[in-house]
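Note sheet for the following structure.
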Amino acid sequence: MDASVIIPARDAAATLPATLAALAAQRTAASFEVVVVDDGSRDATAAIARAAGAPVRVVAGAGEGPAAARNRGAAVAAGAALAFTDADCAPEPGWLGALLAALEAADLVQGRVLPAPGAARGPFDRTISVTAEHGLYETANLGIRRDWFERLGGFESILRPRGGKELGEDVWLGWRARRAGARTAFCAEAVVHHAVFPRGPAGYVGERARLRFFGPLVRQVPELREAFLYRRVFLSRRSAEFDLALTAVAAAALTRRPWLLAGALPYARTLRAEARHWPEHGPLRVGAVQLAADAVGAGALAAGSLRAAAPVL
């Protein structure tokens with residue numbers, strides 16, 4: 001068999017049907033199977049997967065998280081290549097063919113991830129977008145040769161928040177592969193659409209607390225400083241602008257030199273542009289929520305950096 005598509009799924013009854021329908025519509029001459037790992041679901045996830053029939057296989061997971069679930073799926077997979085996506089994603093018809101074609105010249109391939117087309121989106125909704133190989137190797141759309149997966153020993157859990165979803169296992173797999181000499185590539189033609197989940201301001205701001213794990217992640221994978229971080233220290237250009245603005249406001253207040261507030265202008269422009277992008281949601285409201293989210297994110301990054309002794313701002 002040419003490929004196995006592996007999908008970890010927990011309580012995914014609302015989105016899994018779209019994922020399986022998209023996989024059934026794949027246009028490829030390659031032979032492939034779909035392995036759904038039901039990772040301790042309490043809803044109809046397993047029943048939906050079983051009802052799909054061949055080439056879908058259902059494997060019971062132990063509720064240990066996505067890394068263990070993907071490894072469990074890979075252990076029973078028959079394909080020479082392993083393609084990973086998630087139960088809230090819908091690959092385009094040419095996805096698997098493009099991913100396998102890219103794997104002819106590479107050992108690990110990151111595909112493109114875009115928000116679901118046509119989905120109504122708000123400023124605080126949750127989705128994923130991946131448009132380049134920036135070093136996080138998101139498993140919403142990832143392909144790897146089976147021999148390389150086995151050589152690496154599969155996914156390893158490195159960050160497991162209490163009461164939350166583990167993270168970083170995909171980043172760690174990608175960089176272990178690169179350190180071992182694997183050829184990596186980005187395939188823009190292999191496209192997966194990620195579901196858009198409605199979310200209010202509180203959830204949007206609260207999720208920024210998870211940024212505290214970037215310090216430990218960068219300590220584990222220091223290569224991210226060149227591949228992903230902005231100027232090797234900042235999470236993004238936006239976070240750098242926020243930190244500069246915060247420093248400028250504090251310096252102006254302490255020294256009573258108003259001209260120092262000029263340092264806040266880059267962040268103010270970014271915040272204004274973001275707020276004006278969502279006129280129907282109220283620019284002032286959007287701007288206030290974005291400001292709160294950036295403040296929470298900055299605090300989380302600082303706390304994580306101190307704990308890990310690896311500065312990410």
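The values are calculated or read from the model by the stated rules, or taken from the named source; none is laboratory data. These figures come from a predicted structure and were not determined experimentally. Note that each Cβ is placed from the backbone with ideal geometry, even for glycine, and that neighbours are counted across all protein chains shown. Note: areas computed on protein heavy atoms with side chains; ligands, DNA, RNA excluded. Shrake-Rupley method; radii C 1.70, N 1.55, O 1.52, S 1.80 Å.
If the chain between residue 257 and residue 31 were fully stretched, how many nm would it gain, using 0.36 nm times the residue separation less the Cα-Cα distance?
Answer, rounded to one decimal: 74.5 nm.
Please report the accessible area of residue 58 (heavy atoms, 1.4 Å probe, ligands and nucleic acids excluded) in Å², nearest 10.
50
Lys/Arg Cβ at +1, Asp/Glu Cβ at -1, dipole of region 106-158 taken about the Cα centre: which of 135, 153, 123 is farthest positive-ward?
With unit charges placed on the Cβ atoms, the residue in question is 123.
For the pair residue 292 and residue 64, how long in nm is the line joining their label points, each one 7 Å along Cα→Cβ?
Going from the residue 292 label point to the residue 64 one covers 4.0 nm.
Using a probe of 1.4 angstrom, how much of the accessible area of the chain is carbon and sulfur, in percent?
Carbon and sulfur together cover 57 percent of it.
Dipole size in debye (nearest 20) for region 14-151 around its Cα centre, Lys and Arg Cβ +1, Asp and Glu Cβ -1?
I would put it at about 180 debye.
Say R0 is 51 Å: what FRET efficiency, to the nearest 0.05, do residue 80 and residue 284 get from their beta-carbon distance?
The computed FRET efficiency comes out at 0.40.
In debye, nearest 20: dipole of region 91-240 around its Cα centre with unit charges on the Cβ of K, R (+) and D, E (-)?
The calculated dipole for region 91-240 is roughly 800 debye.
Pick from 138, 280, 189 the residue whose mean-square fluctuation is largest in a GNM of the chain, springs joining Cα atoms under 10 Å.
280
Which far-off residues, 5 or more places away or on another chain, put their amide H under 5 Å from the one on residue 187, with H placed in the peptide plane?
110, 111, 112
Report, in debye and to the nearest 20, how large the dipole of the chain comes out about its Cα centre when Lys and Arg carry +1 and Asp and Glu carry -1 on their Cβ.
That gives the chain a dipole magnitude of about 1180 debye.
At a probe radius of 1.4 Å, what is the per-residue accessible area of residue 128, in Å² to the nearest 10?
My reading of the accessible area for residue 128 is about 60 Å².
Here are labelled values, [x] 18.8, 58; [y] 21.0, 71; [z] 24.8, 79, and one is the computed Rg and Dmax of the Cα atoms in Å for what I pasted. Which one?
After the calculation, the listed value that fits is [y].
Over region 163-313, average the accessible area per residue using a 1.4 Å probe and give it in Å², no decimals.
54
Write down the percent of antiparallel bridges among all DSSP beta bridges whose residues are both part of the chain, to the nearest 5.
On the way: 14 of 38 bridges.
Taking every DSSP beta bridge within the chain, about 35 percent pair in antiparallel fashion.
Among 182, 78, 248, which residue has its Cα furthest toward the positive end of the charge dipole of the chain, with +1 on Lys/Arg Cβ and -1 on Asp/Glu Cβ?
Sorting the options by dipole projection puts first 248.
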